[in-house]
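Q: Questions regarding the structure given below will be posed in turn.
The values are calculated or read from the model by the stated rules, or taken from the named source; none is laboratory data. No experiment lies behind these values; they were computed from the predicted model shown. In this analysis, Cβ positions are derived from the backbone assuming ideal geometry, glycine residues included, and neighbour counts consider all displayed protein chains. Ligands, DNA and RNA are excluded from the accessible area calculation, which covers all protein heavy atoms including side chains. Shrake-Rupley method; radii C 1.70, N 1.55, O 1.52, S 1.80 Å.
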Amino acid sequence: MSAAAEALSALAAREWTLGVAESLTGGAVAAELVSVAGASSVLLGAVVAYATPVKQTLLGVDGHLLATQGPVRAEVARQMAVGVRRAVRVDGRDADVGVSTTGIAGPDSPDGQPVGTVHIAAVTPIASRTEAFVFAGDRAAVRSQAVAAALALLSRLARE
């Protein structure tokens, strides 16, 4: 079973719906999820908030946090995960779970953090977790590792 199928299965077992907020992964997490037949029973939608201001305007990330600390922070990832739950609301009901990715895939770092720095967050009805990584490799490798880490975090949280 693929990592995406495992995450969807774990979420479905709890009857939880999902929203995905992505920055550096640019929709790759959502693409992995929708490659699984039946994903629509769990995944409500996804937002690619690639530009920093979109994290604030669409996902509700604190503007002061973004202005003073930048978008590649654990707290930004957490706020993105919270915000996407509301952003993909259906019939007045937020998604049960939000997952997000933010980081620096390279080749350059705009704020001095190491290329490969990634923050992933997931928020469920009973837990909130952020994980920080510094992945090795080129841009594609960093993005691929971030997708895998996001799917793994979803699976773990849904099974707790």
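One line per residue, one yes/no per condition, for (1) in contact with a His (Cβ under 6 Å, 6 or more places away or on another chain); (2) among the small types (Gly, Ala, Ser); (3) open to solvent by 10 Å² or more (accessible area, probe 1.4 Å); (4) at pLDDT below 95:
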position	(1), (2), (3), (4)
Ala13	no, yes, yes, no
Thr17	no, no, yes, no
Val29	no, no, no, no
Glu32	no, no, yes, no
Ala37	no, yes, yes, no
Ala46	no, yes, yes, no
Thr52	no, no, yes, no
Leu59	no, no, no, no
Gly63	no, yes, yes, no
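Q: Can you tell me which residues in segment 110-160 are among the small types (Gly, Ala, Ser), touching a Lys or Arg at 6+ places or on another chain (Cβ under 7 Å) and open to solvent by 10 Å² or more (accessible area, probe 1.4 Å)?
A: Within segment 110-160, Ser128 is the sole residue that qualifies.
Q: While we're looking at this one, here's another question. Starting from residues that are open to solvent by less than 20 Å² (accessible area, probe 1.4 Å) and among the aliphatic types (A, V, I, L, M), keep the ones in segment 67-88 and report whichever is farthest from Ala152 (Cα to Cα).
A: Val88
Q: Would you check if Ala30 is among the hydrophobic types (A, V, I, L, M, F, W, C) and either farther than 17 Å from Ser155 by Cα or in contact (Cβ under 8 Å) with a residue 24 or more places away in the chain (or both)?
A: no
Q: If you don't mind, there's one more thing I want to ask. Of the conditions (1) touching a strand residue (DSSP E or B) at 6+ places or on another chain (Cβ under 6 Å); (2) outside any helix (DSSP H, G or I); (3) surrounded by fewer than 22 Cβ atoms within 10 Å (Cβ to Cβ), Ser100 satisfies every one except a single condition; which number is it?
A: Answer for Ser100: the failing condition is (3).
Q: Right, here's the next one. Quick one: in segment 122-150, of everything that is in contact (Cβ under 8 Å) with a residue 24 or more places away in the chain, over 16 Å from Ala31 (Cα atoms) and part of a helix (DSSP H, G or I), which residue is farthest from the chain's Cα centre (by Cα)?
A: Among those that are in contact (Cβ under 8 Å) with a residue 24 or more places away in the chain, over 16 Å from Ala31 (Cα atoms) and part of a helix (DSSP H, G or I), it is Arg139.
Q: Specify the residue that is nearest to Ala127 (Cα to Cα); the eligible residues are those in segment 4-62 that are assigned to a strand (DSSP E or B) and among the aliphatic types (A, V, I, L, M).
A: Filtering segment 4-62 for residues that are assigned to a strand (DSSP E or B) and among the aliphatic types (A, V, I, L, M), the one nearest to Ala127 (Cα to Cα) comes out as Leu18.
Quick grid of which residues meet (1) among the β-branched types (Val, Ile, Thr); (2) over 21 Å from Thr117 (Cβ atoms):
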| site | (1), (2) |
| --- | --- |
| Ala31 | no, yes |
| Val36 | yes, yes |
| Gly45 | no, yes |
| Val48 | yes, no |
| Leu65 | no, no |
| Pro71 | no, no |
| Ala77 | no, no |
| Val88 | yes, yes |
| Asp94 | no, yes |
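Q: List pairs: first in segment 73-85 and more than 12 Å from Asp62 (Cα to Cα), second open to solvent by 10 Å² or more (accessible area, probe 1.4 Å) and among the polar types (S, T, N, Q), Cβ under 8 Å, 6+ apart or cross-chain?
A: Ala74/Thr130; Ala81/Ser128
Q: For residues that are in contact (Cβ under 8 Å) with a residue 12 or more places away in the chain and within 15 Å of Val82 (Cβ to Cβ), tally how many sit in segment 47-68.
A: 10
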